[in-house]
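Student: Okay, here's the structure, questions in a sec.
The values are calculated or read from the model by the stated rules, or taken from the named source; none is laboratory data. Only a predicted model underlies this, so the values are computations on that prediction, with no experimental measurement involved. Quick reminder, even Gly has a Cβ in these numbers, built from the backbone with ideal geometry, and neighbours come from all protein chains shown. Just the protein is used for accessible areas: all its heavy atoms, side chains included, with ligands, DNA and RNA removed. Shrake-Rupley method; radii C 1.70, N 1.55, O 1.52, S 1.80 Å.
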Amino acid sequence: MRSASATWTVIAQLVADTVAQSSALSRDEAEQALSVAETVGRMLIAAGHLERHPITLVAGKVHCEITTVSGTAALTFEENLNPVPGAAGADDFTIYLPSPEPLQEQVKAAASGHARLSDASPPTPQTQAASSGSLIDHAALRRAVTER
């Protein structure tokens, strides 16, 4: 059992370690994105939202849903904190933050703070595998237009 802050640190390390498998991606960029999302991430953890709504990392073939478990149920689960295999060939990644009703504004603000964060619904693994051609990151495009 960990505090929300300690849990966020573990999540951040897991995501950064997974992204770092790719020579085309920057561990530092993953850490920066998660640093921007830290406050809202801790709020999601403390309120129990990550038990029902995962943070999703999409990096190349990796589609990793990160959830938490609390209370006595946490005593029966075995953690898997190893980097998720399959990101070695990735050339892009996005961290999708869940946006439950009471925290939507805070999540939206955090997601707008870094290009690798999104408050949109993550693609399903089947959709991601089935799509071909380039995809438009509407959130990144919207941020770029807003910044000008």
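Student: Mind checking whether some residue in the stretch 85-103 is in contact with an Asp or Glu (Cβ under 6 Å, 6 or more places away or on another chain) and of a type in the set (A, V, I, L, M, F, W, C)?
Tutor: Yes, because at least one residue in the stretch 85-103 is in contact with an Asp or Glu (Cβ under 6 Å, 6 or more places away or on another chain) and of a type in the set (A, V, I, L, M, F, W, C).
Student: Here's something else I'd like to know. Could you check the stretch 50-63 and list, in sequence order, the residues that are within 22 Å of PHE93 (Cβ to Cβ) and either in contact with a His (Cβ under 7 Å, 6 or more places away or on another chain) or not in a loop (DSSP other than H, G, I, E, B) (or both)?
Tutor: LEU50, ILE55, THR56, LEU57, VAL58, ALA59, VAL62, HIS63
Student: Let me ask another. Just the residues that are open to solvent by less than 70 Å² (accessible area, probe 1.4 Å) and within 14 Å of ARG42 (Cα to Cα), please, taken from the stretch 96-113.
Tutor: If the condition is that a residue be open to solvent by less than 70 Å² (accessible area, probe 1.4 Å) and within 14 Å of ARG42 (Cα to Cα), then LEU97, PRO98, SER99, PRO100, LEU103, VAL107, ALA110 are the ones that fit.
Student: I've got another one for you. Here's a check for you: in the stretch 89-129, which residue that is β-branched (Val, Ile, Thr) and in a strand (DSSP E or B) is nearest to the chain's Cα centre (by Cα)?
Tutor: Ranking the qualifying residues of the stretch 89-129, first place goes to ILE95.
Student: Still on this structure, please answer the following. Would you say GLU51 is of a type in the set (Asp, Glu) and in contact with a helix residue (DSSP H, G or I) (Cβ under 7 Å, 6 or more places away or on another chain)?
Tutor: Against the criterion (of a type in the set (Asp, Glu) and in contact with a helix residue (DSSP H, G or I) (Cβ under 7 Å, 6 or more places away or on another chain)), GLU51 does not qualify.
Student: Looking at the stretch 18-40, which of the residues that are without any contact (Cβ under 8 Å) to a residue 60 or more places away in the chain and either more than 18 Å from ASP92 (Cβ to Cβ) or touching a Leu at 6+ places or on another chain (Cβ under 6 Å) (or both) is surrounded by the most Cβ atoms within 10 Å (Cβ to Cβ)?
Tutor: Selected residue: GLU38.
Student: Could I ask something else about it? Just wondering, is there one or more residues in the stretch 26-44 that are of a type outside the set (Lys, Arg), modelled with pLDDT under 95 and in contact with a helix residue (DSSP H, G or I) (Cβ under 7 Å, 6 or more places away or on another chain)?
Tutor: Within the stretch 26-44, not a single residue is of a type outside the set (Lys, Arg), modelled with pLDDT under 95 and in contact with a helix residue (DSSP H, G or I) (Cβ under 7 Å, 6 or more places away or on another chain).
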